[in-house]
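Since the structure comes first, as structure tokens, the remarks are kept for the end.
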Amino acid sequence: MTTSSAVNANISIEQLGDIALICIDNPPVNASGQLVRQGLLDAVTQLNSAADAKVIAIYAAGRTFVAGADIKEFGKPPLEPYLPDVFNAIEASAIPVISILHGTALGGGFELALSTHARIGLKGLKVGLPEVNLGLLPGAGGTQRLPRLAGMGFTLDMALSGKPVSAEAALEAGAIDRLVEGDPRDVALAMAQEVIDGTLATRPTGSLQVAADETLLEETANKLRMKQPHLFSPHKIVEAVAASTLPLAEGLKVERAAFMDAMQTPQRGGLIHAFFGERAVSNIPEAKGDARDIAKVGIIGGGTMGSGIATACLLAGLPVRLIEVAQDGLDRGVATITKNLEGAVKRGKLTQAKKAAALAALEPSLAMEDLADVDLVIEAVFESMDVKRDIFGKLDTICKDGAILASNTSYLDINEIAACTSRPGDVLGLHFFSPAHVMRLLEIVQGAETAPEVLATGFAFAKRLKKVGVLAQVCDGFIGNRIMNHYAKAVGYLVLDGASPAEVDQALEGFGLAMGPHKVGDLAGLDIGWANRKRTADQRDPADRYATPHADRICEQGWFGRKTGSGYYTYEDKHPKVNPEAIKIIEDLRSELGITPQDFSAEEIVDRYLTAMIVESIRVIEDGTAKRPVDVDMVFLFGYGFPRFRGGPLHQADQIGTKALIKRIEGYAVEDARYWQVPQLLRDMDAAGQTFADLNKKA
Ligand code: T1G
């Protein structure tokens, strides 16, 4: 006899004789929100008190099993029942409970499965504990039950990397018991019957013991202290996993305490802001229009950027026609693309077969006429408006109607480029960040006449390449480079006024940057910035304090950084050493400029750097170049190495607060009132008691 009943909007029970099925249905990813938790608890309690089922099978509707706790609940007052209580009740069920996993069973979803008495994976399943990506740790038994099934090593790898593993790997490790094909409900019925027939063993995970591995725990803790000194939750993961040798109830207490500690950290706030921000930037009307189909891409320029962009397109399965003006340039481009793809194979991101397919989809050519049939052209030649005008004029006659013409320019005016064509509606900016096949940011620059479907195509193209597309309006440097050009002056002033390049680098690396700005400059080549400064010298306002005379003098010596063996640092061996000649240049300059050097603490260095970044970020919102604060935050997380756990400059601004920010800027303005100005928007927000998070909601 079959009966079915809804426990609540997300949970239903179907009783078929001795088998009870519990179905979870909470689109889009079956996140374990309050209703899911309450429904699961009520269903298991109800079935145990009825005691007429011999087995319970939990499965989920839709595209995936539970993908974790409902992240939208974080930061709000917690709602009972809490996940650990639900899972403990499932594990304590007198009736065997099995779970059927499909899609991505992650975080609390995988922990739900671990609390059942057997786990069956469906083909294509991935399981994971990604809480570390949110500044957290598995907080509902993952660090206690997974070691009992798969050992401490497998658990630490999964929880510290935050990366999902394949069903096959999970099966091999003992984290799941079976791997089958089929529909979740059909498999639930079949596996439940196997429990009744005795061909599928079930046991409460908590009844299993963990083999302690002190050496592994110590090695892991030491590695974390070296590699991730800033992050809080990885250390807590090791602490919790170490407690899995205790009786389950005690270990769960250790895990819960660690989880609650992690929940309170600003890092959790920053990382969750990053999680939702990455999705919010394309959740705008401009990205929702009818996109044109992009089946083939033409790229003009086989230099670093052009070959990087070509690599990104090929990795996304898009055929590419690469255009260069001379054979040697074309050969260099193809060689760079080949090297990029080989790198992806080495990193395990690409199979040899896929590399071969990608190269087969690359068509190098010296003739722009070969772009007649492509759907999108991306121009990636050097930053000269004359050259771009010439190229876009030719593209206008060569390319088919409806083809989209994009420039990868990093600051030139898209409107001026569009004006060289008879189809300004088909023109936009697609600003990639080097290395273009690795960096995820893509600034999508809207020209005054860019058609809505062309903009929507830009966002669809970004998604296809797994990039984070951010809408930008036309201005010098769009969002990221414009802000960077501003705060780079604060770095220059710090060095002129007394901080050494190494002190600035160390302070900012202590804040969480992977590499300080002087090391970055040495790596990229100091001559690039130098050429830019010379190019724009006539645009500089003489009333503004010049921030980089020292950088110019270093370049005048021919010291461009790593590529010349010295810059701010010397590079005799792989460990950079401070370049005493650079220090001497800085000291001589200070005397020439009559500057008495002052000491800057690491905190002061970070404050000035971050405040300068915040000021220009606010101005970029104020004049509409960027749509919302979250867009600016994502630009810096995905294009400029801003530490993800800090959430971005304007998420940081909310941690500092408008009043403190105004006071800080006004304090700096005493030294330089032209450079340090309080944006009107900041004053208005302060008067209205608004935060940048509020502005994100409003836009
Ligand atoms: N909670 C709330 N909403 C979520 C969510 C979640 N866990 N996961 C996804 N969404 C939303 C997402 O914001 C988007 O919404 C929509 O679902 C589709 O997502 C106790 C404490 C599952 C691999 O970290 O990795 O469990 O923008 O665009 O590319 O130990 O979502 O449409 O309005 O990303 O196909 C642990 C996070 C939580 C998984 C699907 N779980 N999610 O990727 O779709 S902490 C996670 C993902 C936890 C326990 C702890 C991905 C995905 P909107 P999407 P997708």
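Figure legend. Inter-residue proximity from the stretch 99-114: first residues without any contact (Cβ under 8 Å) to a residue 40 or more places away in the chain, second residues buried (at least 24 other Cβ atoms within 10 Å of the Cβ) and part of a helix (DSSP H, G or I), beta-carbon distance below 6 Å, spacing 6+ or different chains. Indicated pairs: Glu111/Gly142. Within the stretch 171-189, if we keep just the residues that are assigned to a loop (DSSP other than H, G, I, E, B) and acidic (Asp, Glu), the residue that is nearest to Gly128 (Cα to Cα) turns out to be Asp177.
If we scan the stretch 191-204, do we find a residue that is hydroxyl-bearing (Ser, Thr, Tyr), more than 22 Å from Ile58 (Cα to Cα) and in contact with a helix residue (DSSP H, G or I) (Cβ under 8 Å, 6 or more places away or on another chain)? Give the steps one after another, and end with the answer.
Kept after step one, since they are hydroxyl-bearing (Ser, Thr, Tyr), are these residues of the stretch 191-204: 199, 202.
With more than 22 Å from Ile58 (Cα to Cα) added as a condition, the list becomes none.
The answer is no; no qualifying residue exists.
Only one of the numbered conditions (1) open to solvent by 20 Å² or more (accessible area, probe 1.4 Å); (2) touching a residue at least 60 places away in the same chain (Cβ under 8 Å); (3) under 25 Å from Leu21 (Cβ atoms); (4) more than 16 Å from the ligand (Cβ to nearest atom) is not met by Ile120, and that is (1).
Looking at Ala140, Ala175, Ala170, which one is in the same structural domain as Asp85 (by TED's automatic domain parsing), touching a Pro at 6+ places or on another chain (Cβ under 8 Å), open to solvent by less than 20 Å² (accessible area, probe 1.4 Å) and under 18 Å from Thr104 (Cβ atoms)?
Ala140
Within the option set Gly103, Gly75, Gly39, being open to solvent by less than 20 Å² (accessible area, probe 1.4 Å) and either at pLDDT 95 or above or within 14 Å of the ligand (Cβ to nearest atom) (or both) holds for one residue only, Gly39. Identification of helices (runs of 4 or more DSSP H) wholly contained in the stretch 586-699 with 3 or more residues that are small (Gly, Ala, Ser) and open to solvent by 20 Å² or more (accessible area, probe 1.4 Å) yields 658-669.
Return the only residue of His230, His235 being in the same structural domain as Cys23 (by TED's automatic domain parsing), part of a loop (DSSP other than H, G, I, E, B) and more than 16 Å from the ligand (Cβ to nearest atom). Quick ask: steps written out before the conclusion?
Numbers: His235 fails: part of a loop (DSSP other than H, G, I, E, B).
The conditions single out His230.
With respect to being away from the ligand (no atom under 16 Å from the Cβ), modelled with pLDDT of 95 or more and open to solvent by less than 30 Å² (accessible area, probe 1.4 Å), Ala57 fits the description. For the stretch 190-213, filtering for residues that are in a loop (DSSP other than H, G, I, E, B) and at pLDDT 90 or above leaves 11.
Among residues that are aromatic (Phe, Trp, Tyr), buried (at least 23 other Cβ atoms within 10 Å of the Cβ) and touching a strand residue (DSSP E or B) at 6+ places or on another chain (Cβ under 6 Å), Phe87 is not included. Checked against the criterion of being in contact with a Gly (Cβ under 9 Å, 6 or more places away or on another chain), outside the structural domain of Leu318 (by TED's automatic domain parsing) and of a type outside the set (Phe, Trp, Tyr), the candidates Asn408, Asn485 yield just one match: Asn485.
What's the total number of residues in the stretch 123-148 that are assigned to a helix (DSSP H, G or I) and within 16 Å of the ligand (Cβ to nearest atom)? Give the derivation first.
Looking only at the stretch 123-148, we keep the residues that are assigned to a helix (DSSP H, G or I), and these are 130-134, 142-148.
Among the residues that remain, those that are also within 16 Å of the ligand (Cβ to nearest atom) are: 130-134, 142-147.
Summing the residues that are assigned to a helix (DSSP H, G or I) and within 16 Å of the ligand (Cβ to nearest atom) in the stretch 123-148 gives 11.
Restricting to the stretch 86-110, name every residue that is touching a Phe, Trp or Tyr at 6+ places or on another chain (Cβ under 6 Å) and not aliphatic (A, V, I, L, M).
First, the residues of the stretch 86-110 that are touching a Phe, Trp or Tyr at 6+ places or on another chain (Cβ under 6 Å): 100-103, 105, 109.
The answer is His102, Gly103, Gly109.
Ala257 falls short on exactly one of the conditions (1) assigned to a helix (DSSP H, G or I); (2) open to solvent by 40 Å² or more (accessible area, probe 1.4 Å); (3) assigned by TED's automatic domain parsing to the domain that holds Thr409, and that condition is (3).
Restricting the first member to the stretch 20-34 and to residues that are in the same structural domain as Lys126 (by TED's automatic domain parsing) and within 13 Å of the ligand (Cβ to nearest atom), and the second to residues that are open to solvent by less than 10 Å² (accessible area, probe 1.4 Å) and in a strand (DSSP E or B), the beta-carbon pairs closer than 7 Å and six or more apart or on different chains are Asn30/Ile24; Asn30/Ala60. When restricted to residues that are near the ligand (Cβ under 8 Å from one of its atoms) and of a type in the set (A, V, I, L, M), the stretch 106-117 contains 1.
Specify which of the listed residues (Leu271, Leu322, Leu318) is over 22 Å from Glu453 (Cβ atoms), open to solvent by less than 40 Å² (accessible area, probe 1.4 Å) and away from the ligand (no atom under 16 Å from the Cβ). Spell out how you get there, then give the answer.
On the way: Leu271 fails: away from the ligand (no atom under 16 Å from the Cβ); Leu318 fails: over 22 Å from Glu453 (Cβ atoms).
Exactly one residue qualifies, and that residue is Leu322.
The values are calculated or read from the model by the stated rules, or taken from the named source; none is laboratory data. Fair warning: this is a prediction, and the values are worked out from it, not measured in the lab. Cβ: placed from backbone, ideal geometry, glycine included. Neighbour counts: every protein chain shown. Please note that ligands, DNA and RNA were not included when accessible areas were found on the heavy atoms of the full protein model with its side chains. Shrake-Rupley method; radii C 1.70, N 1.55, O 1.52, S 1.80 Å.
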